[in-house]
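A.B. asks: Please see the structure below; I have some questions.
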Amino acid sequence: MGEYDPYRLIDDVESLLLARGLTPARVPGRGGDRLAGAGRLLRGFGLEPRMAPEDAFDLGVPFQGRIG
C-alpha cells in the first residue's frame with residue numbers, strides 16, 4: 001500500500017477544478033471536511049493518507065517536536 005499527502009491531493013483537486021473552468025473556494029472553518037474527504041478518497045484507492053507526526057497522536061495537546 002502506498003501513501004500520499006492529503007494536503008497535496010486537496011491542492012491537486014483545486015487545480016483540476018480551476019483547469020475545468022470552475023471556481024472552487026476554500027470555505028473558512030471547513031478545512032477538516034477537506035482533509036477528511038481527501039483521506040477517504042485516498043483510502044478508497046488503496047492508499048494511506050500521509051500524516052504529520054503531530055497528527056498521528058491523539059493526545060489532546062499540541063505536539064512539541066523538541067522537548068527541552
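The values are calculated or read from the model by the stated rules, or taken from the named source; none is laboratory data. Quick caveat, the model's predicted, so the values are computed rather than measured. FYI the Cβ positions are ideal-geometry reconstructions off the backbone, even for glycines, and counts take in every protein chain you see. The accessibility values were calculated without ligands, DNA or RNA, using every heavy atom of the protein model including side chains. Shrake-Rupley method; radii C 1.70, N 1.55, O 1.52, S 1.80 Å.
A.B. asks: From (1) at pLDDT 90 or above; (2) part of a loop (DSSP other than H, G, I, E, B); (3) open to solvent by less than 90 Å² (accessible area, probe 1.4 Å), pick out the condition that doesn't hold for A38.
C.D. replies: The single condition A38 does not satisfy is (2).
A.B. asks: Which residue pairs have Cβ atoms closer than 8 Å, lie 6 or more positions apart in sequence or on different chains, and pair a first residue in segment 38-50 that is at positive phi with a second residue that is of a type outside the set (S, T, Y)?
C.D. replies: G46/M1; G46/G2
A.B. asks: Still on this structure: Is at least one residue of segment 47-68 in a helix (DSSP H, G or I), of a type outside the set (G, A, S), open to solvent by less than 100 Å² (accessible area, probe 1.4 Å) and at pLDDT 90 or above?
C.D. replies: no
A.B. asks: Taking segment 17-26 as the search range and keeping residues that are part of a loop (DSSP other than H, G, I, E, B) and open to solvent by less than 80 Å² (accessible area, probe 1.4 Å), which one is farthest from E3 (Cα to Cα)?
C.D. replies: The selected residue is G21.
A.B. asks: Turning to a different aspect of this structure: Given the condition touching a helix residue (DSSP H, G or I) at 6+ places or on another chain (Cβ under 7 Å) and surrounded by 10 or more Cβ atoms within 10 Å (Cβ to Cβ), answer yes or no: does some residue in segment 7-16 qualify?
C.D. replies: Checking segment 7-16: at least one residue is touching a helix residue (DSSP H, G or I) at 6+ places or on another chain (Cβ under 7 Å) and surrounded by 10 or more Cβ atoms within 10 Å (Cβ to Cβ).
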